[in-house]
1. Can you go through SER183, SER116, SER120 and tell me which one is more than 30 Å from THR454 (Cα to Cα) and in contact with an Asp or Glu (Cβ under 7 Å, 6 or more places away or on another chain)?
2. What are the residues in segment 411-451 that are without any contact (Cβ under 8 Å) to a residue 40 or more places away in the chain, acidic (Asp, Glu) and more than 16 Å from TRP397 (Cβ to Cβ), if any?
3. Do any residues in segment 113-139 that are closer than 18 Å to VAL55 by Cβ have Cβ atoms under 6 Å from those of residues that are assigned to a loop (DSSP other than H, G, I, E, B) and modelled with pLDDT of 80 or more, where the two are at least six apart or on different chains, and which pairs are they?
4. Taking LYS495 and the conditions (1) out of contact with any strand residue (DSSP E or B) (no Cβ under 9 Å at 6 or more places or on another chain); (2) part of a loop (DSSP other than H, G, I, E, B), which numbered condition does it fall short on, given that it satisfies the others?
5. Here are GLU433, GLU386, GLU396: which of them is among the acidic types (Asp, Glu) and within 27 Å of PHE233 (Cβ to Cβ)?
6. Taking the conditions exactly as written (part of a strand (DSSP E or B) and either in contact (Cβ under 8 Å) with a residue 40 or more places away in the chain or at positive phi (or both)), does ALA385 satisfy them or not?
7. Taking the condition among the basic types (Lys, Arg) and more than 20 Å from GLY157 (Cβ to Cβ), does ARG177 pass?
8. So which residues in segment 415-449 are crowded, with 19+ Cβ neighbours inside 10 Å and hydroxyl-bearing (Ser, Thr, Tyr), if there are any at all?
Amino acid sequence: MAESGEQRDEALGLSDREALSLFRSSFEDSSIGFAVVEVGSDGIERIVKVNDALVSITGVPGQELLGQGATLLGLDRWSRGAESVRATGRASGKVEFEHTFERPDHSRMWVLVTLSPTQSREGSEGRVRLVQVQDISDRREYQSRLQYLAEHDPLTGLVNIRRFYEEIDKGVAYQRRYGGAASLISFDLDRFKLVNDSAGHAAGDEVLRRFATILTDLVRETDVVARLGGDEFAIFLPGTDGEGARAVADEILSHLRDNPIEVDREGIGSVTLSTSGGITQLGGRDDVEAKDLLAEADSALYAAKRAGRNCVVDFTLGNDPHISKSMRLTWAERTRRALDGGGLFLEAQPIKSLSTGSVVRVEALLRMNDPDAGVVYPPTFLYTAERFGLSAEIDEWVVRTVIERLAASPDDSSAVSLNLTAASLDYTCDLPERIPDMLRDAGVEPGRLSIELTEGACVNDIERTRLFVEKMKEIGCRVAIDDFGAGFGGFYYLKMLPIDILKIDGEFIRSMVTSDEDRLIVKAVSDMSRGLDIEVVAEFVTDRETADLCSDLGVDAIQGSFVGPTISLEEALGIS
């Protein structure tokens with residue numbers, strides 16, 4: 001029954017007049033852009049009312065918005081497919097889509113557009129709908145940045161190995177369908193380790209950035225340049241045969257000979273570096289995959305190293321007199337041999353508390369004992385292992401070995417920290433789910449195990465990483481973010497992940513004694529972490545002065561050559 005001409009809302013007790021007044025107030029004062037759109041009998045949608053927020057978002061005066069068609073707010077994107085959607089009976093609810101448009105000042109912005117279902121207008125054949133418009137430019141920019149970080153090397157800006165795989169696979173698929181040539185060149189810098197050892201890692205990083213610039217400057221825009229890890233780079237050249245790839249490689253070697261990389265760091269002046277390269281080509285092969293091409297290029301690169309460096313070798317199927325059987329043994333094969341044949345071992349680096357002066361735990365460091373190359377460190381083989389899907393197996397070996405050593409240690413208070421790669425956090429890997437059982441079966445208290453994750457491991461799938469961290473904390477393990485500050489997303493991960501330990505990237509520690517900026521950063525991170533009840537560890541502490549400064553700035557623990565030498569994990573845990 002009518003109530004004095006006004007219907008009252010049973011739940012809220014609002015009359016039609018009160019509800020309309022509330023709607024008008026919300027419409028006009030909201031920070032979300034609102035528009036009332038009239039849908040004519042001809043199906044054309046025109047704006048008939050807007051609020052101030054929509055004017056601010058679009059940068060178009062209100063009077064100019066009125067009467068505009070669907071294009072401005074992106075409604076035509078909905079309208080073009082509306083009939084087919086309505087025909088399926090799925091158009092009854094609201095519709096949301098993201099849309100970009102150009103403002104009068106020529107800036108472009110992203111908005112989230114929400115369309116309500118159309119409603120009939122009393123006394124008219126037309127219909128109306130309410131449109132909400134929210135500025136999501138910041139969110140889209142952040143998503144793009146995270147996507148960029150997931151696909152690019154943070155030091156050089158080149159694509160990383162993950163993205164490089166995708167680019168090669170696309171090139172292979174194109175060649176299968178349309179034919180044509182494609183080649184791949186693998187490079188690394190000769191004796192690069194000498195730069196790091198004599199001039200420091202900062203100088204080494206500068207050399208890598210310069211070399212990356214040389215590569216990108218000397219290839220076409222359609223070529224894909226990647227940093228695969230360490231000092232190894234690669235170029236995929238679509239539409240280029242072996243002869244063309246050889247010309248590119250020779251030009252790069254010649255450029256380095258004529259234009260030595262100069263690094264103005266710590267008085268070392270001009271660094272003269274050469275590079276070695278390996279070339280392979282796709283040819284007419286239909287069954288080749290990205291990993292095959294990379295393995296072939298690696299094999300040829302290794303042959304170039306054995307041939308005296310500063311040269312390029314072409315990979316040849318069959319018996320090439322310049323590539324012996326041992327030269328063809330790639331790092332992927334060497335890693336597999338080490339996994340299967342007991343060639344992996346762990347060393348340990350102590351982590352000392354600055355408040356008590358005692359070692360609180362050790363970090364397990366992976367090494368490979370190769371019959372040909374001797375003791376090999378992770379930068380040499382880990383990125384190849386990742387490329388060929390061996391990372392998860394290596395991680396499992398590390399976890400299993402650390403837990404076995406903890407179980408065998410006579411000191412039941414000893415603790416070990418280990419690193420996991422991104423592969424172990426992938427949804428296809430079940431290692432995280434098996435860690436609790438491995439600890440229980442070995443009789444090891446979970447609190448004796450700490451797990452370190454780099455930003456590279458976190459960025460692939462932040463939600464799965466969060467679930468992993470929560471699971472580890474639930475059973476009593478501690479979790480650390482390693483190399484904090486090295487990438488863009490560090491503070492984001494700190495917010496999203498309930499970690500226990502934060503390890504400051506060594507770049508902020510090495511020069512802290514002489515750098516005001518580094519000291520301010522370390523202090524800020526320490527102060528922030530103390531407020532979040534997170535332990536702060538400084539890596540690469542090499543002298544007393546740096547250690548004392550870490551203590552003054554609020555760092556909780558330190559590791560590096562000053563704390564103690566790297567020894568076998570067994571010795572560190574007192575296992576005889």
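The values are calculated or read from the model by the stated rules, or taken from the named source; none is laboratory data. These figures come from a predicted structure and were not determined experimentally. All Cβ positions, even for glycine, are placed from backbone atoms using ideal geometry, and neighbour counts span all protein chains on display.
1. After applying the criteria, what remains is SER183.
2. Matches in segment 411-451: ASP412, ASP426, GLU433, ASP437, ASP441, GLU445.
3. The qualifying pairs are GLN132/ILE32; GLN134/ILE32.
4. (2)
5. None of the other options fit; the residue is GLU386.
6. When the stated conditions are applied, ALA385 does not pass them.
7. yes
8. Answer for segment 415-449, where residues must be crowded, with 19+ Cβ neighbours inside 10 Å and hydroxyl-bearing (Ser, Thr, Tyr): SER417, THR421, SER424.
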